[in-house]
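The values are calculated or read from the model by the stated rules, or taken from the named source; none is laboratory data. Keep in mind the model is a prediction, meaning the values are calculated, not measured. Using ideal geometry, Cβ is built from the backbone for each residue, glycine included, and neighbour counts are taken over all protein chains shown. The area values use the complete protein model at the heavy-atom level, side chains included, leaving out ligands, DNA and RNA. Shrake-Rupley method; radii C 1.70, N 1.55, O 1.52, S 1.80 Å.
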Amino acid sequence: MNSSRHWQNPQADEQQILQWQTKSEPSYSVHDQRRSANYKPNIWKYEFLESLNSKFDQGECYRIQIQKLIEDVKEMFVDCKESDLITKLELIDSIQKLGLNNNFEKEIKKALDTIAFVELENNSNPYISSTCDLYAAALLFKILRQHGYKVSQDIFGGLMDEMGTLKKNTLGDVKGMLEMLEASNLALEGENILEEAKSFLMVTLRETNTRCDDIDNCISKHVTYALELPSQRRVQWFNVKWHIKFYEKDHTDQANMTTLLELAKLNFNMVQATLQKDLREVSMWWNNLGLNKNLDFARDRLVECFMSAVGLAFEPEYQSFRKWITKVINLILIIDDVYDVYGSLEELKHFTNVVERWDIRETELLPECMKICFQVLYNTTCEIAYEIEEENGWNQVLPHLRKVWGDFCKALLVEAEWYNKAYTPSFEEHLSNGCISSSASLILTLAFFSTTHDEGAKNFADFLHKNEDLVYNISLILRLLNDLGTSAAEQERGDAASSILCYMREANASEEIARKHIKGMIDNAWKKINEKCFTQMPEISSFINIMTNIARVGHSLYQDGDGFGDQEHGTRRQIQSLLVEPLS
């Protein structure tokens, strides 16, 4: 197959798979020496997912109401006096945290253009007077940098002492220290003022938070939240409800915040209604395939895959992308389990060859379940490529998708060979292969073609060349987070060595030291990502944000363990909150 335009009739292909399943033998005989990861059954039943429904998906009244609230918030920008810098910055900050950015892009840009121009007029004292308080300086720095404006860490020079720590008169300003901590996580390589401030504030805020009587309860919760994971590394949409509840307790006396909260709640419920509709569609696709019955050794985690897609792009206009990426992540999990758990080394070599050659006729020597697995991969990939071409005007999408699937499977095969030889690779060797097996390159390739148009980005290879560091560091973070979250379970069942084990053996270090080293690598990778994110051309900024969200979704999935393997560890509550329960 040379082009995805040759693909036809997905219903017929699904029927072919179902017939194949009916005629095939069971997945494997009891006499087969197959490994097991002992994954628990899926907790999200098809009937429940199909029953999801929301009144916010119906009726013109909600659309009229939300448009009226949007206009009211736009008036807030007009009403803000030019001299009232903090009010304007806090408005922009609140809009971001409440997931409303895409409704006010023009207003935010106009306001920040003015702020940046005014603050940059005096070249001898750029950005802000050093006499300004910590909160104002940190908020200004954070907002300007988040939106791609050139802003120097020197803004904080007047607030630091000779030792490079914050002056004593700032240490009672918990709100300011909290904002400074968030700002420090936007640091680029070499910004030592921000790096030293971050180290100092992590210790100081943790100590301050243990003395809860000294600070407001709402601020205390916000400090705990920031110390767990900074906002720059969080998926924005996953935290909208948290911010709504925080603002309700802390700002309800402000008329502007009342309007913003009303808009944020209605917007959340309407987005949730769209997401429920998307989930019902991909759930029907998955149920019709029936793969969960045939591949009972693999993880059945459709809803977690969909949540990952939402984390990459929650906005209603990305419906097609969410559908495509959910299917791809679902197949990534299944194929990963084929290599990790099910296939013998000879079977995996043959399966890898089949994926590289992209030829269904080559599957004859494979076990039935692996034949079906490739059939679904083949049909789904061709279908997605065809739909992308139809919607976005691209040509020849399929060859790019075939290549990244082939690279992914080759990387998984290397890990299977290490396992079979009981070989522990060097730390560098593990990371070099692990960045590919992390699947980040596969996901971002699909994201590129799904969210850009042919006329807007002519050369995919050119884009990858210019952003090689960004791709590598996102892949590295996803690999390291995965290893931090899953290494204990993988070591228990005897999987190939993780980055933690490789580093422990190579450096003769304890697990604690290995984990600390890996977390330091993640911190450094984020600085390199920041460098790229805040200097991109506006026309691809949306795609760059989706790319960066790959790393953020990794933090969400693996912060408390294995988000795909163990559904009860935290993702269940998050899914319930974001996809099932509307705001009152």
Response to the item:
Taking a crude spin-label model, label points 7 Å out from Cα along the C-beta direction, the residue 221 to residue 202 distance in nm is 2.6 nm
Worksheet item: Which shape class applies to region 342-442: rounded if a/c is under 1.5, otherwise prolate when a/b exceeds b/c and oblate if not, where a ≥ b ≥ c are the square roots of the Cα gyration tensor eigenvalues?
Response: oblate
Discussion item. Just to confirm the filter: which GluC sites (Glu not before Pro) across region 148-228 are DSSP coil and have at most 13 other Cβ within 10 angstrom of their Cβ?
Written reply: 162, 189
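Between residue 211 and residue 353, take the C-beta separation as r, use R0 = 56 Å, and let me know the FRET efficiency to the nearest 0.05.
After rounding, the FRET efficiency stands at 0.35.
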Worksheet item: Round to a whole number: what % of the accessible area of the chain belongs to carbon and sulfur, probe 1.4 Å?
Response: 48 percent
Item to complete: State in Å² the accessible area per residue of the chain; use a 1.4 Å probe, count heavy atoms of protein chains only, and round to the nearest integer.
Response: 45 Å²
Fill in: Which of 55, 323, 88, 106 is most accessible, then next, and so on - probe 1.4 Å
106, 55, 323, 88
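Where a ≥ b ≥ c are the square roots of the eigenvalues of the C-alpha gyration tensor, would you call region 506-583 rounded, which needs a/c under 1.5, or, failing that, prolate if a/b is larger than b/c, or oblate? Each step should come with its number before you reach the end.
Working: a/c = 3.51, a/b = 1.04, b/c = 3.37.
In terms of gyration-tensor shape, oblate.
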Worksheet item: Could you give the semi-axes, largest first, of the ellipsoid that matches region 407-466, computed as the square roots of 5 times the alpha carbon gyration tensor eigenvalues and rounded to whole Å?
Response: 32, 11, 7
Discussion item. At 0.36 nm per residue, and after removing the present C-alpha to C-alpha distance, how many nm does the segment from residue 516 to residue 67 gain when stretched out fully?
Written reply: 156.8 nm
Worksheet item: Roughly what angle does helix 511-533 make with the longest principal axis of the chain, taking Cα atoms, 0 to 90 degrees, to the nearest 10?
Response: 70 degrees
Worksheet, complete the sentence: Rounded to the nearest 10, the angle in degrees between the Cα long axis of helix 85-97 and the longest principal axis of the Cα atoms of the chain comes to 20 degrees
Discussion item. Heavy atoms of the protein only, probe of 1.4 Å, neighbouring chains included. What is the accessible area of residue 208 in Å², nearest 10?
Written reply: 10 Å²
Discussion item. Order 118, 282 by their accessible area, 1.4 angstrom probe, all chains in place, largest first.
Written reply: 118, 282
Fill in: Helix-only mean residue ellipticity at 222 nm for the chain, each DSSP H run of n ≥ 4 adding -39500 (n - 2.57), per residue, nearest 500
-21000 deg cm²/dmol
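What size of dipole, in debye to the nearest 20, comes out for the chain about its Cα centre when the only charges are +1 on Lys and Arg C-beta atoms and -1 on Asp and Glu C-beta atoms?
Roughly 480 debye, rounded to the nearest 20.
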Worksheet, complete the sentence: Applied in sequence order to region 297-312, the curve 6.51 cos²θ - 1.76 cosθ + 1.60 (Karplus, θ = phi - 60°) yields integer Hz couplings, x standing for Gly and Pro, of 7, 9, 5, 9, 9, 4, 5, 5, 5, 5, 4, 5, 5, 4, x, 6
Worksheet, complete the sentence: Distance in nm between residue 296 and residue 248 label points, each 7 Å along Cα→Cβ, equals 4.4 nm
Discussion item. I want to make sure I understand the PRE zone here: with the label point 7 angstrom from the Cα of residue 55 toward its beta carbon, which residues in region 544-584 have backbone N atoms less than 14 Å away?
Written reply: 582-584
Fill in: Theoretical gain in end-to-end length, residue 161 to residue 45 [0.36 nm per residue, Cα-Cα removed]
35.9 nm
Response to the item:
Applied in sequence order to region 575-583, the curve 6.51 cos²θ - 1.76 cosθ + 1.60 (Karplus, θ = phi - 60°) yields integer Hz couplings, x standing for Gly and Pro, of 5, 4, 5, 8, 10, 10, 9, x, 7
Discussion item. Just to be sure I understand the model, the point goes 7 Å from the Cα along the line to the Cβ. What's the resulting residue 460 to residue 35 distance in nm?
Written reply: 3.1 nm
Worksheet, complete the sentence: Sequence order, region 146-161: Karplus ³J(HN,Hα) from phi using 6.51 cos²θ - 1.76 cosθ + 1.60, θ = phi - 60°, Hz rounded, Gly and Pro as x, gives 4, 9, x, 7, 6, 9, 8, 5, 5, 3, 9, x, x, 9, 10, 8
Discussion item. Solvent-accessible area of residue 569, probe 1.4 Å, all protein chains present, reported in Å² to the nearest ten, please.
Written reply: 40 Å²
Fill in: Chain lengthening between residue 284 and residue 568 when straightened (0.36 nm per residue, less Cα-Cα)
99.9 nm
Item to complete: Starting from the Cα coordinates of region 249-310, work out the convex hull volume and express it per residue in Å³.
Response: 96 Å³
Response to the item:
Expressed in angstrom and rounded, the centroid-to-centroid distance over alpha carbons for region 547-564 and region 257-329 is 16 Å
Practice prompt. Starting from region 167-213, pick out the trypsin sites (Lys or Arg not before Pro) whose DSSP state is loop and whose Cβ has at most 14 other Cβ atoms within 10 Å.
Written response: 167, 211
